[in-house]
Amino acid sequence: MANKRKKKSNPRQTAILTILAIIVVSAVCVFTVLSGLGKQHKGSAKNIELGLDLAGGVSITYEIDEENPSETDISDTIYKLQKRVENYSTEAEVYKEGSNRITVEIPGVTDANKILEELGKPGDLSFQLEDGTVVLTGSNIKSAEAGQTEENGMKNYVVSLSMDAEGAEAFSEATSANIGNPIYIYYDGEVVSAPTVNSAITDGECVIENMESYEAAEELASTIRIGALPLTLTELRSNVVGAKLGQDAIRTSLIAGAIGLILIFLFMIIVYRFPGFLAGIALFVYVILDLLAINGFNATLTLPGIAGVLLAIGMAVDANVIIFTRIREEIASGKSVINSIKSGYDKALSAILDGNITTLLAAIVLWIKGSGTVKGFAQTLAIGILLSMFTALYVTKKLLLSCYELGVQDEKFYGRAKPVKVRNYIKASKICIVISLALIILGFVFMPINKSKIGNILNYDLEFSGGTSVTMTLNEKVTDELDKQICQTVRDTVDVKTVQSQKVINSDQIVVKTNELTVDQRKTLENALKETYPISDYQTEQITASVSSEMRSDAAVAVIIATIFMLIYIAFRFKDMKFGFSAVLALMHDVLMVLMVYAVARLSVGNTFIACMLTILGYSINATIVIFDRIRENLKNKQMVREGIDVVVNTSISQTLTRSINTSLTSFITIFVLYIIGVASIKEFTLTLMCGIVFGAYSSVCITGPIWYFMKTHFDKKKKAVSKKK
């Protein structure tokens, strides 16, 4: 009996099938993004949830029932409401309006009545004994979650409660004295549940058992969560409002994105020839997949979210730049094209993985610990990072290998790396560090100057500082042109920089928010507006910051934890804590440099400020890791090490200089186009992002490697000195 020979696969046939598969999958994805699937058009780009700044949403204003509430209770109520409404959108905002009102703005939704029904009326909650004695109030409840347990095949639907220290002590006393009796849960004067006490509960954790269904358990848990606020709130008004930035912002952003991608595509072809062409195709695939993923994960896209998308696009291009640079180096070393492609991917893998994983760790921490815009930024960034790695390491590679099999094998299609001219970056870094310190100090010098001129060390926007809100009802339809005219009248009348407007859908109302005005300014503005426009109703309120102190604290804590995680990861991967410390110092440098720009130029500091700083952190650490990866590789070169650690550092920076410049250019292009053709409200945001890209590239090349060198040589000298003494 003859042996069956294993049939060999045909490389050309496999290559054709691979390319066809990528084309078919891409076509399906494009169709889904453009038209969607099924009657609901699921997956369509037009179904992506946009934030309040881009597409509008629901605005609900509550009035505080208690007289003279403390600022602490108001702040706690705002923070708890903020965490609650994030179930609808990570970009929801909650802020104080006037002295006794709280406004909730939820993007991506249009049915105010449905939201009010689901959110419920934040009312009075208490746990009482049969004689009416109040054991707990809503403020003592930390969490309430529905769940289910199963025993002997029987399901038991439950609500798990946890209390603060004060509540735990009171509940312990009450349950110890009332075993076998019910404790009544009152919500707005009505009993919503009366569970029986089976045993003394002393640890502040209890379970309400034997609910009739999971839905009933969830409803009770929701009621307890809603009532677990320090203050009692009554709905005052609810509206569906238009976008803060307007349709022009969306349209110009899309146009800028398209132009930017085309320019990147051309740049990659010119610089990297045929691989650059394939990278452009992979980038197109990435954008389509990113839109599908944002849709699929129900991410709410806002201006900070767009920042996360832009950063991920930059990282997607960066991965290809690293790979193609490596391929050229391998060709220059004498290897064949096919071996250079394989070796290029192998050698680029560690830098790509380390850079992306480090940024992904930061995104995860920001998602878990952050709130509001920080969460939105982290979500879009994390999605983008994962997809960018997939397209760079899989799609581009498959296309490149397939095209090679189909005949694109000549070296001229790929290029050859030119000999690297090694420059003394360590020597130049001393001058660079002095310049950087001077610029950072300049920023701190301008802060007290700003304090004397504008009242704050930075030009805080309404999200940070609060301001004045004017609600007007007109006797005519509020068109986009009328909206612009009203905003300009406000600017001209009271000489303010920041003016935000929102149209109330299906009404003739418009809400205009601006910097805090004095009584005289408010009267002057009211007279000017009423003289110019047909206003039937006019109301003015002072509003507090929508970015509360708790949200800022959450953002700061998230950044600190993310930085620590990045430091630990870098130290672990590079087996040297000095790499981690020098990377963190470079991050601090970039943040302080951008802060200097905000201080000197008096740019608005609002929600986008947080997103901008986070973008810079993600971008800068990625650029730094590429250089560290090359230093790590060159440290294995014994000949180079014998010449000196300074030679290793200078050579590593010189070898990666082309990558640093090209990546900075590709990241810069899209943002620059958005700055040129974008609306005024986006220009400041894109300006600071461009500054961040420049500072990130500068610090990675001129500061990070030299700092590691100074730390390395300093600690080595100390070790030698200690060993000599021994």
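Results, tabulated for the structure shown:
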item	result
Whichever aspartates and glutamates have a C-alpha closer than 19 Å to that of Lys375, once near sequence neighbours (fewer than 8 apart) are set aside	Glu49, Asp53, Glu86, Glu91, Glu93, Glu105, Asp290, Glu463, Glu550, Asp554
Where GluC sites (Glu not before Pro) fall in DSSP loop in the stretch 118-193, at most 16 other Cβ within 10 Å	Glu130
Dipole magnitude of the stretch 411-480 about its Cα centre (Cβ charges: Lys, Arg +1; Asp, Glu -1), debye to nearest 20	960
Neighbour-limited loop hits for GluC sites (Glu not before Pro), the stretch 368-476 (at most 16 other Cβ within 10 Å; DSSP other than H, G, I, E, B)	Glu476
Spin-label model distance (nm) - Glu145 vs Ile255, 7 Å beyond Cα toward Cβ	4.9
Among Cys403, Ala319, Ala378 the positive-end extreme of the charge dipole of the stretch 316-404 (Cβ point charges)	Cys403
Alpha-carbon centroids, the stretch 492-519 and the stretch 251-283: separation in whole Å	39
Accessible area per residue, Å², the stretch 273-428 with all protein chains present, probe 1.4 Å	35
Peptides 377-383, 694-700, 644-650, 12-18 ordered by average Cβ neighbours within 10 Å, highest first	377-383, 694-700, 644-650, 12-18
Cα-based reach from Lys477 at 12 Å (exclusive), listing aspartates and glutamates while leaving out same-chain residues under 8 positions away	Asp508
Assigned charges on the beta-carbon of Lys, Arg, Asp, Glu; the stretch 551-710 dipole about Cα centre (debye)	260
Amide H contacts of Leu136 (H built 1.01 Å from N, under 5 Å, at least 5 apart or other chain)	Phe127
Spherically averaged projected area of the stretch 587-676 from its Cα convex hull (nm²)	7.1
Residue-span extension gain [Thr713 to Glu212] - 0.36 nm each, minus C-alpha spacing	173.4 nm
Per-bin percent of Cα-Cα distances, the stretch 331-392 [5 Å]	4, 17, 20, 15, 13, 10, 7, 6, 4, 3, 1
Percent accessible area from carbon and sulfur atoms, the stretch 551-650, protein chains only, probe 1.4 Å	69
Violating pairs (Cα-Cα greater than 31 angstrom) within the set Lys142/Lys513; Lys83/Lys513; Lys83/Lys575; Lys484/Lys523	Lys142/Lys513; Lys83/Lys575
The stretch 361-456 - percent of accessible surface contributed by carbon and sulfur, probe 1.4 Å	67
Segment Gln639-Lys430, extension gain: residue separation times 0.36 nm, minus the distance between their alpha carbons	72.6 nm
Förster-model FRET efficiency, 60 Å R0, Ile179 and Ala556, C-beta, rounded to 0.05	0.85
Inter-site label distance for Ala200 and Arg416 at 7 Å from Cα along Cβ, in nm	8.7
Farthest positive-ward along the stretch 561-636 dipole, Cα basis, beta-carbon charges - from Ser582, Phe572, Met596	Phe572
Extension reserve of the Glu63-Phe390 stretch, reckoned as 0.36 nm per residue once the Cα distance is removed	112.8 nm
Compactness of the stretch 315-428 as Cα Rg over 2.2 N^0.38 Å, two decimals	1.33
Cβ-derived FRET efficiency at R0 60 Å, Glu130 paired with Ile441, nearest 0.05	0.30
Length-normalised contact order of the stretch 127-171 in % [C-alpha pairs under 8 Å, at least 6 apart]	37
Amide H contacts of Glu66 (H built 1.01 Å from N, under 5 Å, at least 5 apart or other chain)	Thr232
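The values are calculated or read from the model by the stated rules, or taken from the named source; none is laboratory data. Treat the numbers as computed from the prediction; the structure is a model and nothing was measured. Note that we place each Cβ from the backbone using ideal geometry, even for glycine, and neighbour counts take in every protein chain shown. Surface areas here come from the heavy atoms of the whole protein model, side chains and all, with no ligands, DNA or RNA. Shrake-Rupley method; radii C 1.70, N 1.55, O 1.52, S 1.80 Å.
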